[in-house]
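Asks: Let me begin by handing over the structure; questions about it come next.
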Amino acid sequence: MNESVRSTERPSERRTAARSSVVWDAVRPYVEDAGGVDVLDIGGGTGGFAVRVARLGARVTVVDPSPDALAALGRRARELEVEVSAQQGDLATLLDVVEPRSADVVLCHGVLEVVDDPVAALATLREVLRPGGVLSLLVAQRHAAVVARAMAGHFGQALALLDAPAGERDGRTSHRFTAAEATALLGQAGFSVDAVHGVRVFADLVPGSLLDLEPGATAALVELERAVAERAEYLPLAAQLHLLAH
Ligand SMILES: C[S@@+](CC[C@H](N)C(=O)[O-])C[C@H]1O[C@@H](n2cnc3c(N)ncnc32)[C@H](O)[C@@H]1O
């Protein structure tokens, strides 16, 4: 059985497994190099992903503006007896705390939504990557967010989100991206996109109780998420988009 869907996992972990399996599958080949690779996790937060990467032998640095998140990361890493370097910092001023061309893999998961200038942020990440390095970008997807707002009865918000410019936000709301918009922003920052995956196509729609009570449901859901992740017709339904770029 896949390591992310063991039957001993707690309910919250089962849902996390269903949500993160596609991204993990895509990133894993780049971080499990036997010689150890340098991984920067910008906005890595409490380190859920970073510690999994560190357990594979990678040298991982998390940069995040939140001291509370970094403290939680430290506790998590100690509990699991892995080393993760934690550095307080911000994507907008990343080069103050990280050397250019110092990372083989950059993880930017759930962060581009909240920066003021996504193209400038991506250009900074490109400077941090070594030649041949890979960016793993995870962003919230616009179409699914429109549907989610409409289903919650927030019709005005859904309407506003329909055509909101991908590179602008009003300071309170987060960016949402279509696959075409994310690809274009990466191109403007000098990246070429290698792969696009739809993430959480079904995982957020399934009642948690189903995963908790029905034996094998989480593993079956993970298999389904994997099966649709690269099918273009399911991309607009995905809560998040994952892009690999170099
Ligand atoms: C939605 S969480 C994602 C955490 C983690 N990357 C994950 O995928 O689970 C967003 C994280 O980005 C961090 N963050 C917010 N603004 C940031 C910025 N300007 N630069 C870097 N990180 C930022 C937050 O502190 C938070 O830890």
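Asks: Leaving out ligands, DNA and RNA, and with a 1.4 Å probe, what % of the accessible surface on the chain is carbon or sulfur?
Replies: Carbon and sulfur: 52 percent of the exposed surface of the chain.
Asks: Apply the a/c threshold of 1.5 to the C-alpha gyration tensor of region 1-155 and tell me whether it is rounded, prolate or oblate.
Replies: oblate
Asks: Still on this structure, I have one more. To the nearest 20 Debye, how big is the dipole of the chain about its Cα centre, given +1 on the beta carbon of each Lys and Arg and -1 on that of each Asp and Glu?
Replies: Its charge dipole is roughly 380 debye.
Asks: In debye, nearest 20: dipole of region 113-197 around its Cα centre with unit charges on the Cβ of K, R (+) and D, E (-)?
Replies: The dipole of region 113-197 has a size of about 200 debye.
Asks: Let me ask something else about it. Just the number, please: percent antiparallel of the DSSP beta bridges in the chain, rounded to the nearest 5.
Replies: Of the beta bridges lying entirely in the chain, close to 35 percent run antiparallel.
Asks: Moving on to the next point. With an 8 Å cut-off on Cα pairs and a minimum separation of 6 or more residues, tell me the relative contact order of region 127-220 in percent.
Replies: 19
Asks: Once the mean 1/r over all distinct Cα pairs of region 183-240 is inverted, what Kirkwood radius in angstroms do you read off?
Replies: Hydrodynamic radius (Kirkwood, Cα pairs) of region 183-240 is 12.9 Å.
Asks: Additional query: Does region 95-246 classify as rounded, prolate or oblate by the C-alpha gyration tensor (a ≥ b ≥ c root eigenvalues; a/c under 1.5 gives rounded; else a/b over b/c gives prolate, otherwise oblate)?
Replies: Judged from the Cα gyration tensor, region 95-246 comes out oblate (a/c at least 1.5, b/c at or above a/b).
Asks: Something else now. Can you compute the helix-only [θ] at 222 nm over the chain? Use -39500 (n - 2.57) per DSSP H run of at least 4 residues, normalise by all residues, nearest 500 deg cm²/dmol.
Replies: Dividing the helical sum by the residues of the chain leaves -12500 deg cm²/dmol.
Asks: Projecting each Cα onto the charge dipole of the chain (Lys/Arg +1, Asp/Glu -1 at the beta carbon, about the Cα centre), which of Ser85, Leu205, Thr183 comes out farthest on the positive side?
Replies: Comparing the listed Cα positions along the dipole, Leu205 ranks first.
The values are calculated or read from the model by the stated rules, or taken from the named source; none is laboratory data. From a predicted model like this one, the values you see are computed outputs, not experimental measurements. Note that each Cβ is placed from the backbone with ideal geometry, even for glycine, and that neighbours are counted across all protein chains shown. Accessible surface areas use protein heavy atoms only, side chains included; no ligands, DNA or RNA. Shrake-Rupley method; radii C 1.70, N 1.55, O 1.52, S 1.80 Å.
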